Structure formats: C-alpha cells, structure tokens
Amino acid sequence: MAKGTNDAKLLIQSLRKAYAATPTSLKIIDLYVVYAVATALIQVAYMAMVGSFPFNSFLSGVLSCVGTAVLAVCLRIQVNKDNKEFKDLPPERAFADFVLCNLVLHLVIMNFLG
Amino acid sequence: MAKPLVLHLLLLLICGSALLSSGSVIHPISDAHRSAATEFFVPAADGSFGSLEETYEALRTFQILGLDRSSAKFEGTCKTVSEKLSSPTTTKDLYHALKITAILGCRTESIEFDGITSRLQTAVKDASSLLELYYSLGGLLTVKEQGKDVILSDADGTFQAIKALSQSDGRWRYDKDSTGSSAFAAGIALEALASVVSLAGSDIDQSKIAVVRKDITKLFDRIKHYDDGTLYFDEKNVDPDQYKGPLATSASITSGVTAFAAVSSEKLNIGGEKILGLAKFFLSIGIPGTAKDFFYQINSLASLENNRISIPLVLSLPATVLSLTAKDQLKVEVTTVFGSHAPSLAVSLLKVLTPDSKEVTSFEKKELEYDPENRIHFLDLSPLKIDVGKYSLIFKVSVNDPEGADLYATGDQIIVTAFLTGFIKVDKAEIAVSDSDAASESVQKLDLSKESLISLSANHLQKLRLSLQLTTPLGHSFKPHQMVVKFRHESKVEHLFVPETSSRQYKLVLNFLGLVEKFYYLSGRYEIELAVGDAVMENSILRSIGSIELDLPEAPEKAAKPPAQPVDPLSRFGPKEEISHIFRAPEKRPPQGLSLGFMGLTILPLLAFLIGLLRIGVNFKGFPTSAAPATFAILFHGGIGAVLLLYVLFWLKLDLFTTLKALGFLGVFLLFVGHRTLSYLASTSAKQKTA
C-alpha cells in the first residue's frame, strides 16, 4: 500500500514537471477551460438541489460553459506549436475564430436564457 | 297543476255573471251609450266630424241622445254649412247641409231659401235615380219644416217615378237601368214616398198609398229571425260594393216604414211583434263599434220610439244574480227603447224553469208589484221557497189600458236567465285514517268555518277517507260544479282527486297501497287542499285543510321519476353560479437565499481563474505600444466588451431584432478593428520569429 502511494506521488510529481514546461499561453487556455468546467459543475449541482425549473435557463447556462470550454480546447489545439497539423495557421487567426465563435455562442445562449 | 284548475273555477264564476249581462238580456239605451257617443264622435277643431254626411250623422246622434250641441265649436259648423248652401253643390250635400242647419238651430237669415228650393225642385224634376229623388225630397221637407212655404209641383208624377222603380217582391231598384234590387233601396224609397205625401198635402190618390202598403207587407215577408225573437233584414252579398249589411238594411227599412206609417191614414198591416223584434235587433247590438253603426242604431231606435204602428216596450232586469242570503228582490224594468217611461202595465212571472227545461212545480204564476217611485216591478223571493240555482224566468207584460194595448208592442213571453245564489252549508265534514282491514279508524272532524288545520300521519298500508255533506239554504242536498282535493308534496309535486257522490254525501277514499306508484314513492309531508266551487255558491271553498305525513316505501329502480317542476322562467336572468378559476399552480421556487448563494458560488471559479492567471504570470507585454496599433487594440477589446454589454442588454430588455441590428453594426466594426489588430500582431510575431 505504501508503494502504491509512493508511486502515485511520483506520478503526480512527474506530471507537474512536464506540465510546467508547457508555454504560458497554453496554460492560460487550460486554466480557462478549468474555470468553464467548474462553473458548469456548480450549475449542475444547483439544478440537482432545486429542480430543473426553468429548464431552458439551466441548459443555456451549462451549454455556455461547455461550449466555451470546447472552443477553448479547439483554440489550444490550433495554437499548440507541437501540433503538426496546424503548423501553417497563424495563432492570431485561431484566436479570431475563437472570439467570433464565442460571440455567436453567447448570442444564442442569451436568447435561450429567457 | 291545480293552479290553472283554481283559476278555471274562478273564471267559471266570473263568466257565469258575465254571461248574464249580455246575450239573452236586452237593455234599453242608457248613459253608457251617451258616454260612448261622446267618445266616438269627436269633432275636429273646426267643429266638423269629417265629411258633411258624417257631420250630419254625428249631430243627429247627439240630438237623439240629448247631448250638448251648443258648443262654441259648432258655430264654425254653421258657417261652413251656410257657405255650402250658397254655393253650387250636389243634392246630397244640400240635403245634409239643410239637416245640419235644422239640428244645430243655425241662424237662417243669411240663407237664401228660395234659391235652394228652386234648385231642389229642379233636381226632383230631373232626377234619374232613387237617391237623387230621396235627397232632393228630403231637402225640401227640411226646408218646409223650417217654416218656409214649399209646394211640390208634380207630386203625383214624383210618386209615380219612385213607385216605378219597385219590384214585385217589395224591394226597390236604384234607377231604371240597374238590374239588381235591394231592400236597402226599399227603405230609402219608402222614406222618399213619405216625403212626397207630406209635401203634396192631400193631392195624392189614396189608392196609390194602399198599393205601397201592400208593398210594405211583401217586404216584411222577407224578414229574417233569430231564435230569441229578434228580427232583421238582410240581403245576399251579391255585389260587395253594394252590400250594406243587416244593420244598414234594417235601419233603412225601419226609417222608411215608420216615416210612411206616419203619413198613411190607415194603419199598416204589420204586427207589433215585428216592430218589437226589430227593436230587439237594434238593442242587442249593445254599443256599436263604428260611428256609422252608431248612427244607424240610434236613428232607427228613435224612429221606433214614436212610431205610429206600435211602440216597442223592453223588459230588462237591472240585476240577474240574486242572493237568497241578502234577501234580494226580483226587480224588473219595463221601458221604451230609450229608457223612457212606459204606460201603466202589469208584469207577471208565469213560470220558472230549471236549466233542463223542467218547471219548478212549487211555483205558481205571480204578478209583480209596482213601485211608482223607482218605476220598478218587484217580487219578493223568500216566500216563494225557490232553491239556489240557475233558472229561466218567463215573464208576460200586458198594458192595463185596453185601448193602449194596440199602441204598444210588448211581446208574448219574455225569457230571462237569472241566478239565485245562496250560502251552502258544509255538514259532517270528516277526515279519517284507517288500517287496511278497517279495524281501527282515527276520525277527525273538520270545521271548515274555522282556520284550524289538521295534521295526520299514515303509511302505505293505510287508507284515508274524507267525507262531507253540502246543503242548500232550503235544506236540499247540493251538487257543486266542482269539488277537488289536492295533495301537494314538499317538492311541489301535486296530485288531484275528485270525491264521489252518493245519496247525500261526498266521499273520497284513498287506498295508499294502490297509490304508491302514482305518488312517485315520495314520502314526506303532503299539504291537503280542498276546493269546492259553483256559480250559485256564495261561499266557495278554496283552502288548505291540513297536512298528512305519508310514509311510502323506497322507490324501486324502474319506478317513474316525479315530473320536473316548472322552473321560474325569469330565473335564468338572475345571477349565475360564481366560477372559480383554477390557475396553473406556480412552480415551487427555491428560497431566495439559496439562489443568491449559488450565484456567489458561480463567481468563485472566475476569481480562481483570475488568481490562477496572476500565478501563471500573465503580462501585457504583447500589447502594442505605438499609437495606431494601440488604438486599434483598445478598440478591439472595447468592441468585444460592447458586444458582451449588448448581450447583457438583450437579456435584460432588448428583443432579438434590435440586438441583431446592433450586433450587425458592432460586428462589422469589430471585424475591421480585429483584423487590423491581429494582423499587426501577426506581423510583429512573424518579425520576431525571423529576427
């Protein structure tokens, strides 16, 4: 048992070191995703407590978080220099896409929010 | 259900008394006629009643009835009439105008009678029709009556001219060319002939007058009659324009015959009963419906009142419902048609008949006593010992003076219907409830004179018996027109029963066992109501006797339901039931505090994000420093902020269309600015890479 925990500790430490190597911009995006997902989880917990009325608002809120997280992940993929697929795509272009998609998402969300 | 029955009983009583005042009893002309005349003949502002003929008819009616003709309105009439007399008009208008002048007593100084006389004399000579002759001769007679000297030039010739138009059956034609003859024309012709005789003095051959007398007899052969002795003249309705109707025809003939009788030296061969029959006809009209009918009736009766053949005398009863309780006397009036006094008479009551035409044997012929003060013949009824009921009284009237008997027409036997009413005694009224085997009976006496109510109880195995006796004031057993016992349940369901009669008693036996179905198995309290009614009963009974608690078995499933009681038809206009609306219950919302708490909880990740960002070490190094790119960058961020703000406004109060419109502008702006900023950044980072 002690070996297991030791192994776990070693694993986490190595993961941390590896993560520290990632560029800052990617870290920002990761943090943003964590933030979005955390907000979504809080909303789900609230709904579980008080019931799903009004359901459209709940969906709107959760989907906004999830949607923006998804878009952030897409941005990360496109901005990541290690990703061969998107070598020729300038990160600014990706960011512009991110902003545009987010604005459209949020328009829809706001309409559905009620 | 019994309410209409009760009304029917009351109506029977009212109809009984109403029937008596019309139909078989004739009344002379009374003040009712006079007041009706003033309502009928209402003069216009200038004093006329319409045409000249209508004015004459109205004024003549007023004259006969003795109504006021001196009103100031009629001054205008006098003037109009005198104008008519001076101007050239038809003979008919001249005739009516002269008559009006005579009735109103107008001032005659301004009227040129010579001119009028000559006009009328020319008209007589040139006349081609019966009516022309009638009007011109009538006009001349009126002028003569005013005191002027009028001589008819060719009286014989005129007489012949009128006589030439007569037919063999006693009727007359209107002129030489017409084919149809009429009785109405006969009346006019007779009056015209009478005018000729009056105007000629003694020049007319008596044989000619005798021929006319024969014509009158033939005319009277055509008289028609009703069963009660009323006589009238009528014609076949061949030509609707010429048809005058029985009243006009009879009126014309009456005026004509009485006028001719006045100028004939010998008496006409017409019996007094014919004159009486005609008088009855005119009187039986009562108060006529139109002004013309009024004139015909009153004018005819006036000619009959003082005619030379025989004066009709009318017997009438001022009251036909006589009460034995009040000891009413039988009162009889005998007068002329206008209610004037008759000569000394003897009135006797010959017979008294019951409704099925049997004689009341206990009654012997009695002569009525005379009360000279009130001019009424009367008879005391109590010593006669006649019981209550409806009777036909047969009278005979005879004139005391034997010479006078010829002058007056009294008729043979006069039949009048009268009701003798009285107080009916109710005896031995009992109500009892007994068991089906009639072993025991609980009898209760009913005293219908008191207000007391009895109360009984019975179940479906028992019987109810109601019995009573009715006695007349003279002690005979009485059979009323209607006797009904009504049972009314609390729920307003009603049942009616008719007691049976046997010898002296009325008995109603109800066996509830057989009536359970009829009563719709409704147990409970039933009100008992008794109704006894008759036309001669002064104390008709309609009252509640009491109540009975009936205990009936339960209704089986197939039993008939009691009939629905009528709903007050006006109740559907009353207030209706209040409607309580059920709204969708609002969803349960979580308590305010919890919601706000979670809102705060949602902000937490944001704070964590910002703190994390600081921890990572974000900086604004990449922010462009030079002026133009910096503005663009600021604008870019500002634009994004503006869009987000727009979204917030959209959520709070804007609608989609406004938002989209604004978004369009902002979006275009943002694209432009963003493109500039990002391309600048891209170029800077590309420079960095290459550098």
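The values are calculated or read from the model by the stated rules, or taken from the named source; none is laboratory data. Not measured: the values here are computed from a predicted model. Virtual Cβ from ideal backbone geometry, glycine too; neighbours counted across all protein chains shown. Please note that ligands, DNA and RNA were not included when accessible areas were found on the heavy atoms of the full protein model with its side chains. Shrake-Rupley method; radii C 1.70, N 1.55, O 1.52, S 1.80 Å.
Quick rundown of the values:
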| item | result |
| --- | --- |
| Net lengthening on full extension, B:L542/B:Q482 (0.36 nm per residue, minus Cα-Cα) | 20.5 nm |
| Debye, to nearest 20: dipole size of region B:234-322, +1 on Lys, Arg Cβ, -1 on Asp, Glu Cβ | 200 debye |
| For chain B: relative contact order, % (alpha-carbon pairs under 8 angstrom, 6 or more apart) | 9 percent |
| Principal axes of region B:249-400: Cα extent on each, largest first, Å | 52, 36, 34 |
| Percent carbon-and-sulfur accessible area, the protein assembly as shown, ignoring ligands, DNA and RNA, probe 1.4 Å | 58 percent |
| Segments B:206-214, B:354-362 sorted - mean Cβ within 10 Å per residue, highest first | B:206-214, B:354-362 |
| Protection proxy ranking of B:155-162, B:318-325, B:175-182 - average other beta-carbon atoms within 10 Å, highest first | B:155-162, B:318-325, B:175-182 |
| Proximal lysine pairs, region B:135-231, alpha carbons under 30 Å, eight or more residues apart or interchain | 18 |
| For region B:566-624: rounded, prolate or oblate by the Cα gyration tensor [a/c cutoff 1.5] | prolate |
| Calculated log₁₀ intensity ratio I(q)/I(0) where the Debye formula runs over C-alpha points of region B:182-245, q = 0.29 Å⁻¹ | -1.24 |
| Order by protection proxy (mean Cβ within 10 Å, highest first), peptides B:339-352, B:83-96 | B:83-96, B:339-352 |
| Interatomic Cα distance distribution for region B:124-203, bins of 5 angstrom, percent | 3, 17, 29, 24, 15, 8, 4, 1 |
| Lysine pairs within chain A, Cα separation less than 20 Å, 8 or more sequence positions apart or different chains | 6 |
| Positive-end residue of B:L301, B:I545, B:G524, charge dipole of chain B with Cβ unit charges | B:G524 |
| Cα-derived Rg over Rh, computed across region A:15-85 with Rh taken as Kirkwood radius | 1.13 |
| Partner chain coverage, peptide A:90-96 - average Cβ within 10 angstrom | 6 |
| B:H581 versus B:K366: modelled label distance in nm, points set 7 Å from Cα along the beta carbon direction | 8.5 nm |
| Contact order relative to length of region B:424-549, as percent, for alpha carbon pairs under 8 angstrom and 6 or more apart | 28 percent |
| Set of aspartates and glutamates near B:K492 by C-alpha distance (under 18 Å), chain-local residues within fewer than 8 positions excluded | B:E517, B:E527, B:E529, B:E549, B:D551, B:D568 |
| Cα-based reach from B:K486 at 30 Å (exclusive), listing lysines while leaving out same-chain residues under 8 positions away | B:K3, B:K390, B:K425, B:K428, B:K445, B:K450, B:K463, B:K507, B:K518, B:K558, B:K561 |
| For A:20-29, mean number of other protein chain Cβ atoms within 10 Å | 2 |
| Stokes-Einstein D in µm²/s, Kirkwood radius over Cα pairs - region B:109-259 at 37 °C with 0.692 mPa s viscosity | 203 µm²/s |
| Dimensionless Rg/Rh of region B:43-127 - Kirkwood Rh, Rg from C-alpha atoms | 0.98 |
| Convex hull per residue volume in Å³, alpha carbons only, for region A:56-105 | 59 Å³ |
| Euclidean distance of C-alpha centroids, region B:543-615 and region A:83-114, integer Å | 51 Å |
| Heavy-atom accessible area per residue - region A:1-103, 1.4 Å, Å² | 64 Å² |
| Solvent-accessible area buried by pairing A with B, both sides, nearest 100 square angstrom, 1.4 angstrom probe | 2700 Å² |
| Computed magnitude of the charge dipole of chain B (debye, nearest 20; Cβ of K, R +1, Cβ of D, E -1) | 4880 debye |
| Normalised alpha carbon radius of gyration of region B:219-320 [divisor 2.2 N^0.38 Å] | 1.09 |
| If the convex hull is drawn through the Cα atoms of region B:293-374, its volume per residue in Å³ | 172 Å³ |
| Mean Kyte hydropathy of 0.0 or more with a Cα span along the axis of at least 24 Å, helices from DSSP in chain B | B:2-21, B:183-200, B:245-263, B:592-616, B:627-652, B:656-690 |
| 10 Å Cβ neighbours from other chains, averaged over peptide A:103-111 | 5 |
| Prolate/oblate/rounded label for region B:358-504 (Cα gyration tensor, a/c 1.5) | prolate |
| Cα gyration tensor of the protein assembly as shown - equivalent ellipsoid semi-axes, whole Å, descending | 120, 53, 19 |
| Solvent-accessible area per residue, Å², over region B:329-422 with all protein chains present [probe radius 1.4 Å] | 52 Å² |
| FRET efficiency estimate (nearest 0.05) - Cβ-Cβ, B:S442 to B:E517, R0 35 angstrom | 0.85 |
| Interface residues, region A:47-66 - accessible area loss of 40 Å² or more versus chain alone, probe 1.4 Å | A:M49, A:V50, A:F53 |
| Cα-based reach from B:K385 at 12 Å (exclusive), listing aspartates and glutamates while leaving out same-chain residues under 8 positions away | B:E364 |
| Per residue, in Å², the accessible surface of region B:91-244 once ligands and nucleic acids are set aside, probe 1.4 Å | 48 Å² |
| Within chain B, helix-based [θ] at 222 nm, where runs of 4 or more DSSP H residues each add -39,500 (n - 2.57), nearest 500 | -13500 deg cm²/dmol |
| Relative contact order computed over chain A (Cα-Cα under 8 Å; 6+ residues apart), in percent | 28 percent |
| Equivalent ellipsoid, chain B (semi-axes from 5 times Cα gyration tensor eigenvalues, Å) | 100, 56, 20 |
